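All remarks here apply to the structure that follows.
The values are calculated or read from the model by the stated rules, or taken from the named source; none is laboratory data. Given the structure is predicted, the values throughout are model-derived calculations rather than measurements. Backbone-built Cβ (ideal geometry, glycine too); neighbour counts: all protein chains shown. To get the accessible areas, we keep the full protein, side chains included, count just its heavy atoms, and leave off ligands, DNA and RNA. Shrake-Rupley method; radii C 1.70, N 1.55, O 1.52, S 1.80 Å.
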Amino acid sequence: MIKKNFDTLCVHAGVEPEQTTGAIMTPIFQTSTYVQDSPGNPKIYDYSRAGNPTRTALESSLAALEGTKHAITFASGLAAVQAVAQLLNPGDHVIVCDDVYGGTGRMFRKIFSKYNIEFEFVDMSNPKNIEPYFKKNTKLIWIETPTNPLLKIIDISAVTNLAKKFNVTTCVDNTFSSPVFQNPIDHGAQIVLHSTTKYIGGHSDLVGGCLMLNDDSLAEQLKFLQFAGGSVNAPIEAFLLLRSIKTLSLRMKKHHENALYLAREMQSMKIFSEVIFPGLESHPQFDIAKKQMRGYSGMISARIKGDFNTVKIFLSKLKYFSLAESLGGVESLVNHPETMTHASVPPELRKKLGITPDLLRFSVGIEDAQDLLNDLTQAAKSI
Ligand SMILES: *Cc1c(COP(=O)(O)O)cnc(C)c1O
């Protein structure tokens, strides 16, 4: 299931014992500036927005996880999205998968549209749907797979092959899979994005983002945007991420196992009218998921039989699944997309996508799988 040597990369990549003391963990270099020997002659770093040793270690480690030459970190996942969008110029056209992360869609619609950049939201679950949308000024394709919250799977190779034909850059938001289960660069993408707030952070205690890529010229532009735009990861966040990455592989295996077990069991629970999980044979793009993912991660979406009131009662009875936005932490969470994470999606689009009042999104944690199932069962009994 896991790529060869990946477990070792998680523990060792990018991290060297600290030179003066031998400290095995990279220290938190909590400093804004660095003393120079002579004017304009810094030892390595000159100012922490431009560079910081804790961040450098983190970026080396993250690059190793996606197998890329470069990793560039940001203060949040959306700050990373913003940097990619800032590569664009007025008059450019972008094709975006239609059930993209709510905050990404909001940024494209409300911020970058103002600068005369056109965004077209397209259902990419069938790549044939995309070709007619390419225009002379199309510069970027934005993919998220699995999508949020409906866990649609987009065939990355099929889209990147098309994009190459039109000389368009593809960026894949890989947050839901984590680098453990899917590496979009291997399927032809140029840029990979993670909200490190989620699985890579894994403990619901930080906000961060990252871009990984091989292209030197694109990397240089994005590093400039990181430096000149200023939304950098703080040293403490970089340290926490370095610590989290050591257990990323272990955690993801457990998220995957738990979610697969729960999704299968939930299919036979009467309270759910539909269970959506890329690892179920019933998933419409199961074959594509099998082809491009090594595991199915820990996200399950499901529809409750009944009205919003039934949903509210069910949610109020859950003990281990806490009602909260976000995902990817060790503890299980449940989210009501319509009123929470996806409240900013235009109502007509929400309806068209199927983000209706009966839909719940579960972020399955690393607790005991049977305890989690018992929790769902006891909450269902109360209805
Ligand atoms: C959370 C999330 C983001 C945004 O990341 P933040 O760290 O919250 O800014 C982007 N894409 C996906 C898929 C996400 O889940």
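Quick check: from the Cα gyration tensor, does the stretch 146-229 come out rounded (a/c under 1.5), prolate or oblate?
The shape class here is oblate.
Given the options THR160, THR56, THR145, state which has the largest fluctuation in a GNM of the chain using a 10 Å cut-off (strictly under) for Cα springs.
Largest GNM mean-square fluctuation: THR56.
Order these peptides, 3-12, 74-83, 40-49, by their mean beta-carbon neighbour count within 10 angstrom, highest first.
So the order, starting with the most tightly packed, is 74-83, 3-12, 40-49.
Can you give me the C-alpha center-to-center distance between the stretch 1-25 and the stretch 206-267, rounded to a whole angstrom?
The two parts, judged by their Cα centres, are 16 Å apart.
Taking only protein heavy atoms and a 1.4 Å probe, what accessible area per residue, in Å², does the chain have with all protein chains in place?
Accessible surface, normalised per residue, equals 42 Å².
With the chain treated as a Gaussian network of Cα nodes joined by springs under 10 Å, which of LEU211, LEU360, LEU373 yields the largest mean-square fluctuation?
Checking each option, the largest mean-square fluctuation is seen for LEU373.
What order do you get for 350-357, 152-159 when each peptide is scored by the mean count of other beta carbon atoms within 10 Å, highest first?
By packing density, highest mean first, the sequence is 152-159, 350-357.
Considering only protein heavy atoms and a 1.4 Å probe, what is the carbon-and-sulfur percentage of the accessible area of the chain?
53
Lysines within cross-link reach of LYS319: Cα-Cα under 21 Å, excluding same-chain residues under 8 positions apart?
Filter leaves LYS254, LYS270, LYS305, LYS381.
Any idea what angle helix 248-266 forms with the longest principal axis of the chain, computed on alpha-carbon atoms, 0 to 90 degrees, nearest 10?
10
Determine Rg/Rh for the stretch 209-278; Rg is computed over alpha-carbon atoms and Rh is the Kirkwood hydrodynamic estimate from the same atoms.
1.22
Need one word for the stretch 8-63: rounded, prolate or oblate. Basis is the Cα gyration tensor (sqrt eigenvalues a ≥ b ≥ c); a/c below 1.5 gives rounded, then a/b vs b/c decides.
Here the stretch 8-63 falls in the prolate category.
Go through 22-32, 276-286 and give me the packing order, highest mean Cβ count within 10 Å leading.
Packing proxy ranking, top to bottom: 276-286, 22-32.
Using 0.36 nm times the number of residues separating ASP205 and ARG109, minus their current alpha carbon distance, what extension gain do you get?
My answer for the length gained is 31.7 nm.
Please report, in whole Å³, the volume per residue of the convex hull around the C-alpha atoms of the stretch 240-322.
125
Tell me, what is a quarter of the convex hull surface for the C-alpha atoms of the chain, in nm² with one decimal?
If you wrap the Cα atoms of the chain in a convex hull and average its projections, you get 19.6 nm².
With only alpha-carbon atoms counted, please give the Rg and Dmax of the stretch 9-159, in Å.
Using the Cα atoms of the stretch 9-159, the pair Rg, Dmax is 20.2, 60 Å.
Classify the stretch 283-383: rounded, prolate or oblate, from the alpha-carbon gyration tensor (a ≥ b ≥ c, eigenvalue square roots; a/c under 1.5 rounded; otherwise prolate if a/b is larger than b/c)?
Oblate, because a/c is 1.5 or more while a/b does not exceed b/c.
Where the centroid of each part is defined by its Cα atoms, how far is the stretch 62-123 from the stretch 294-362 in Å?
Here the answer is 24 Å between Cα centres.
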